[in-house]
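A short reminder: the numbers here are calculations on the coordinates, not readings from a lab. All of these numbers come straight from a predicted model, not from anything done at the bench. Because the Cβ atoms are built from the backbone with ideal geometry, glycine has one as well, and the counts that use them run over all protein chains shown.
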Amino acid sequence: MSVMVEAEFSNRGVKTRLLGFILMLLGVLDSLLTLRGGVPAYEFLMLIVLGAVVFAIGAVRGGQKSGEA
């Protein structure tokens, strides 16, 4: 006996998660480039944290059901 479970995929929060991922990626790349230059730059850590927050907001939005209360 086979049981199929239907998965509901939502497109909510995809753009927000993508924006957060890009912000984190840019923050990591910028911080690595400044470290290679010999100058520690701590302001790029804020970009990584901001990207993580935006990504988390998108993940929460994607987990919510749309149209049902």
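Key figures for this structure:
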{"item": "Likely footprinting exposure, Val54, Val39, Val28, fewest C-beta neighbours within 10 Å first", "result": "Val39, Val28, Val54"}
{"item": "Virtual spin-label span in nm between Asp30 and Gln64, 7 Å along Cα→Cβ", "result": "2.9"}
{"item": "For segment 20-63: span of alpha carbons on each principal axis (Å, largest first)", "result": "42, 13, 7"}
